[in-house]
Amino acid sequence: MLSTIKLGIIVGLTEFPEEAFGKVRELDLPTCQLACWRPEILTEAMAAQVKAAAARTGVEITTVWAGWSGPAVWDFYDGPLTLGLVPITYRAQRIQDLKRASDFALMLGVDSITTHVGFIPEDPNNPTYREVIIALREVANHCGRNGQYLCFETGQETPVTLMRTFSDIGLDNLGVNLDPANLLMYGKANPVDAMDVLGPYVRGVHAKDGEYPTCGQRLGVEKALGEGRVDFPVLINQLKSHGYQGAITIEREISGPQQVEDIERAKTLLLPLL
């Protein structure tokens, strides 16, 4: 049977959404994850612009990647203090940010939002863990009323912690956006092994490569696809074995001509595997 997996890229939403969709089409890709780190621009007027740009280009939005307001430091020291819904200082506002993203996705007819939840405590007896579960249940319930999944991008938690979190939230509209490079770069798991735990929950995938950390302060290094430790042939076979039929979204967290070159090379590596 032919695979229905499609390729795409992640693009950022600005005041000019046609630019983002134009980039997807320039790369001759059919899908995108639409990322926004400015919740204040997620309005009805913006939704109308996005729908028009998607219709003109024929690009499918597979998820709204929902950033949140406030600081974000991507390391092992300040990361737990700033990322996602874990820090109490920012939690209430970010719950509202994610609900707003869910409402925006509803306007677009997109059936999921995706986000980084933060460094979920591994100890389920930690009071912060219980508080985060309550916060996530509130967001997931809102997504459920909008007919959507709430997808957790892998990275800051172990696969087992994520599985426990799903069980303790206790809702059926929770999913995983599998970022194999993040699992390596945060030192949380080998992505091939992580599929044994997370496989049934995967609803989105980032094609990104990277290395394990080499010190206790900084994340491992992101690499161009094929230059890191992610075994994409094995990983994609695992996805297929779990019946995955969503998109594989290329992510390269640099900018400029080298980013385009690396995305084109990623396409060349991935297409024969699909």
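Read the figures in this text as sums done on the coordinates, not as results from a lab. Here the structure is a predicted model, which is why all the values come from computation and not from measurement. Glycine also receives a Cβ, built like all others from the backbone with ideal geometry; neighbour counts cover every protein chain displayed.
Name the one entry in Val117, Val132 that is β-branched (Val, Ile, Thr), in a loop (DSSP other than H, G, I, E, B) and farther than 20 Å from Cys32 by Cα.
Result of the check over Val117, Val132: Val117.
I'd like the full set of residues that are in a loop (DSSP other than H, G, I, E, B), under 19 Å from the mean Cα position of the chain (by Cα) and under 23 Å from Leu198 (Cβ atoms), limited to segment 253-274.
Glu253, the sole residue that qualifies.
Can you tell me which condition Asp179 does not meet? The list is (1) buried (at least 23 other Cβ atoms within 10 Å of the Cβ); (2) among the acidic types (Asp, Glu); (3) farther than 29 Å from Val260 by Cβ, and all the others hold.
Going through the list (1) buried (at least 23 other Cβ atoms within 10 Å of the Cβ); (2) among the acidic types (Asp, Glu); (3) farther than 29 Å from Val260 by Cβ, Asp179 breaks only (3).
Give the residues of segment 146-161 that are of a type in the set (A, V, I, L, M, F, W, C) and within 17 Å of Val110 (Cα to Cα), sorted by residue number.
Of everything in segment 146-161, those that are of a type in the set (A, V, I, L, M, F, W, C) and within 17 Å of Val110 (Cα to Cα) turn out to be Leu150, Cys151, Phe152.
What number of residues in segment 214-247 are among the polar types (S, T, N, Q), loosely packed, with under 15 Cβ neighbours inside 10 Å and without any contact (Cβ under 8 Å) to a residue 60 or more places away in the chain?
Here the count works out to 3.
Before we move on, is Tyr149 out of contact with any Leu (no Cβ under 6 Å at 6 or more places or on another chain) and within 16 Å of Thr63 (Cα to Cα)?
For Tyr149, the condition - out of contact with any Leu (no Cβ under 6 Å at 6 or more places or on another chain) and within 16 Å of Thr63 (Cα to Cα) - is met.
Out of the residues in segment 222-236 that are among the β-branched types (Val, Ile, Thr) and within 18 Å of the chain's Cα centre (by Cα), state the one that is nearest to Asp75 (Cα to Cα).
Of everything passing the filter in segment 222-236, Val230 is nearest to Asp75 (Cα to Cα).
For Leu108, which of the numbered conditions (1) within 17 Å of the chain's Cα centre (by Cα); (2) on the phi < 0 side of the Ramachandran plot fails to hold?
Every condition holds for Leu108 apart from (1).
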